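The block underneath contains the structure these notes are about, expressed in structure tokens.
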Amino acid sequence: MVFELEYDETGVYVDYTPRDGTDWIKELLKWNSSIKLCRIFEITQSNIDAGKGFLEDPIEEHVHFKIGDYENGLYVIRPPVLSEKYTLSIREMSELDSSYFKDYYMPNAMDVVFEVLKRDITIGNEDGDLSPELLKSAMGKYPNSTEYRHYKRLRAAEILSAELELPKDYRYAYDRYVEKLRKGKKMDDLPDIRTFDLQKYTFLYEEMREMLNNVESYKETDWQERIMEIVKLLYPQYAYVTRESKLTEMYGKGKRVDFVVVNSSGYIDIIEIKDPKVDLLATYNEHLVRDRNNYVPSRYLGNVVAQVENYLYGLNKNSTAAVNNVKKHFSESGKPLPDSLKLKVLNPRGIIIMGRSNTEDDEILDSIELLRRQYSHIVDIITYDDLIDRLHNVIESLK
């Protein structure tokens, strides 16, 4: 969910980029008098019409809609856009950005403020106003993901313990966590980076599992981009990333690699991200194929490995041309590399992310591991379950 707020002399607008395109918005508006967008804004057809021609462009990936009017120095957002009862007014020069409207576990972060104050709110720095600084400070006290999970477990435990014996004292666990929060911050009041990391990796872990349950709902490019965001966190050495870069004119007339990654020292590697549903091992009539008591790799995996090996050979063989092409592609994609960074090709490696390894069959797991070792001198084959396991291990270490 990506959206930004825009202010002008006529009012306040939202520029929203849905993950799954905009067709579903048009369809919902045909059958409903109002719909909720971004899980925050309750809008009608009139809000869309007051936007910037969304319905006139059938391939538009953004939707613009109006949520408030400009009146005498105030941007006024009336019910039911944010609240069924209350109005939010924002003074000119105090414009709020999107971070004031969304929170990790509360899509409509302003709704909590309305519930507490139970009145119309004006954001600004005049008498009677709620200052943006105070509002942001209040939102900073919202429960984080860890506290939220502790609280959910506590509420469930209070009900279940009436009839069942529970394996641990969830009230104690919740109170202990809250007590830690009350002890204050250490190291000159610096935030606990591990807490932020724990939230971040927990979110990615849960999202990764959800993505794998709904693979068909993603376009290939969207899938690759999202997986790459996770890969960058698990491989922090890759400081610079660009997609579909043309390495050389060899092998497929300059076929583009999914992602070219560059570490902080300037060394180039490549990453190919494929479908999680493709088979790593060969099958015939829905049975795995054996050769000398080992399962054999699928033809698709062999093709991908050969493709990556060709890319890497082209990198080594034509390193000067490849470096120039990569540098040019970074610049053309709007992410130019620092002038001080010197790109280098030195035994580049390839990473292939594809397939699943979620099985308890030791023979299958051994065969997958054997494949990894067979190609490990050039290519690292990573399954999507490997990514989940690595995220889980990071989370456990942070805990």
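What are the residues in region 283-316 that are among the hydrophobic types (A, V, I, L, M, F, W, C) and either surrounded by fewer than 16 Cβ atoms within 10 Å (Cβ to Cβ) or more than 29 Å from E244 (Cβ to Cβ) (or both), if any?
Here is the first cut: in region 283-316, the residues among the hydrophobic types (A, V, I, L, M, F, W, C) are 288-289, 296, 301, 304-306, 308, 312, 315.
Answer for region 283-316, where residues must be among the hydrophobic types (A, V, I, L, M, F, W, C) and either surrounded by fewer than 16 Cβ atoms within 10 Å (Cβ to Cβ) or more than 29 Å from E244 (Cβ to Cβ) (or both): L288, V289, V296, A306.
Within region 328-335, is even one residue under 24 Å from V241 (Cα atoms), surrounded by fewer than 16 Cβ atoms within 10 Å (Cβ to Cβ), of a type in the set (D, E) and within 32 Å of the chain's Cα centre (by Cα)?
Step one: filter region 328-335 for residues under 24 Å from V241 (Cα atoms), giving 328-335.
Now restrict to residues that are surrounded by fewer than 16 Cβ atoms within 10 Å (Cβ to Cβ): 328, 331-335.
Subset that is of a type in the set (D, E): 332.
This time we only want the ones that are within 32 Å of the chain's Cα centre (by Cα), so: 332.
Yes, region 328-335 contains at least one residue that is under 24 Å from V241 (Cα atoms), surrounded by fewer than 16 Cβ atoms within 10 Å (Cβ to Cβ), of a type in the set (D, E) and within 32 Å of the chain's Cα centre (by Cα).
Would region 46-64 turn up any residue that is in the same structural domain as D97 (by TED's automatic domain parsing), at pLDDT 85 or above, surrounded by fewer than 16 Cβ atoms within 10 Å (Cβ to Cβ) and assigned to a loop (DSSP other than H, G, I, E, B)?
Scanning region 46-64, I find no residue that is in the same structural domain as D97 (by TED's automatic domain parsing), at pLDDT 85 or above, surrounded by fewer than 16 Cβ atoms within 10 Å (Cβ to Cβ) and assigned to a loop (DSSP other than H, G, I, E, B), so the answer is no.
Which of the residues spanning region 206-219 are under 18 Å from T383 (Cβ atoms) and in a helix (DSSP H, G or I)?
Residues satisfying the conditions are E207, M208, R209, E210, M211, L212, N213, V215.
Okay, residues lined up against (1) modelled with pLDDT of 80 or more; (2) touching a strand residue (DSSP E or B) at 6+ places or on another chain (Cβ under 6 Å); (3) not assigned by TED's automatic domain parsing to the domain that holds L74; (4) not in a loop (DSSP other than H, G, I, E, B):
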{"residue": "R119", "(1), (2), (3), (4)": "yes, no, no, no"}
{"residue": "Y151", "(1), (2), (3), (4)": "no, no, yes, yes"}
{"residue": "L164", "(1), (2), (3), (4)": "no, no, yes, no"}
{"residue": "A173", "(1), (2), (3), (4)": "no, no, yes, yes"}
{"residue": "K180", "(1), (2), (3), (4)": "no, no, yes, yes"}
{"residue": "L190", "(1), (2), (3), (4)": "no, no, yes, no"}
{"residue": "T195", "(1), (2), (3), (4)": "no, no, yes, yes"}
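The values are calculated or read from the model by the stated rules, or taken from the named source; none is laboratory data. Treat the numbers as computed from the prediction; the structure is a model and nothing was measured. We place every Cβ from the backbone using ideal geometry, glycine too, and count neighbours over all the protein chains shown.
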